[in-house]
Amino acid sequence: MAITNEQRITNLLSMAQKAGRIVSGAFAVEQAIKKKQAVLVLLAGDAADESKKNFTTLADKFAIPYTYCLDRETLGGCLGKDFRAVAALTDAGFAKKICQLMEESL
């Protein structure tokens, strides 16, 4: 059985969570961006328009790349939470691999 890129992304995000290399939730992500700890911001595809606007503007202001991936339930699930609209990777290695998987999905 072949593993899809979405499964690879969720597995990688779960590993990042276990390694302490990802923060999730609006407040934690905002703090990570402002402290320049965030390397890549992940926004759930079904996040509220206001949340998308706020975090894309903030990421642009601090020159941090962002991408849309998964949905709130899946993003939260792989991080051991209920729902998450936004998360931020704080490790360049994890961020690079997520970006590669996202490009392969297109």
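The values are calculated or read from the model by the stated rules, or taken from the named source; none is laboratory data. Predicted model, so just to flag it, every value in this text is computed and none were measured. FYI the Cβ positions are ideal-geometry reconstructions off the backbone, even for glycines, and counts take in every protein chain you see. Please note that ligands, DNA and RNA were not included when accessible areas were found on the heavy atoms of the full protein model with its side chains. Shrake-Rupley method; radii C 1.70, N 1.55, O 1.52, S 1.80 Å.
Only bridges with both residues in region 22-106 count here: give the DSSP antiparallel percent, nearest 5.
Taking every DSSP beta bridge with both residues in region 22-106, the antiparallel ones total about 70 percent.
List the residues, sorted by chain then number, that are 5 or more residues from Val86 or on another chain and whose placed amide H is less than 5 Å from its amide H.
So Val86 has HN proximity to Gly25, Ala44.
Can you list residues from other chains, or at least 5 along the same chain, whose modelled amide H is less than 5 Å from the amide H of Asp91?
HN-HN under 5 Å from Asp91: Val39.
What does the C-alpha gyration tensor say about the overall shape of region 9-51? Classify as rounded when a/c is under 1.5, otherwise prolate if a/b is larger than b/c, or oblate.
Here region 9-51 falls in the oblate category.
Would you mind telling me the share, in percent, of accessible area of the chain contributed by carbon and sulfur at probe 1.4 angstrom?
50 percent
Within region 68-90, find all residues whose amide N lies under 15 Å from a label point positioned 7 Å from the Cα of Ser14 along Cα-to-beta-carbon.
74-82
Can you flag which of Lys52/Lys81; Lys18/Lys53; Lys35/Lys96; Lys61/Lys81 are past 24 Å Cα-Cα?
Those over the limit are Lys18/Lys53; Lys61/Lys81.
Dipole of region 7-106, Cα-centred, from +1 at each Lys and Arg C-beta and -1 at each Asp and Glu C-beta, to the nearest 20 debye?
The calculated dipole for region 7-106 is roughly 440 debye.
Mean projection of the alpha-carbon convex hull of the chain over all orientations, in nm²?
Mean projected area of the Cα convex hull: 6.4 nm².
Can you return the aspartates and glutamates within cross-link range of Lys36? Criterion is Cα-Cα under 14 Å, with same-chain partners fewer than 8 residues away left out.
Asp60, Asp91
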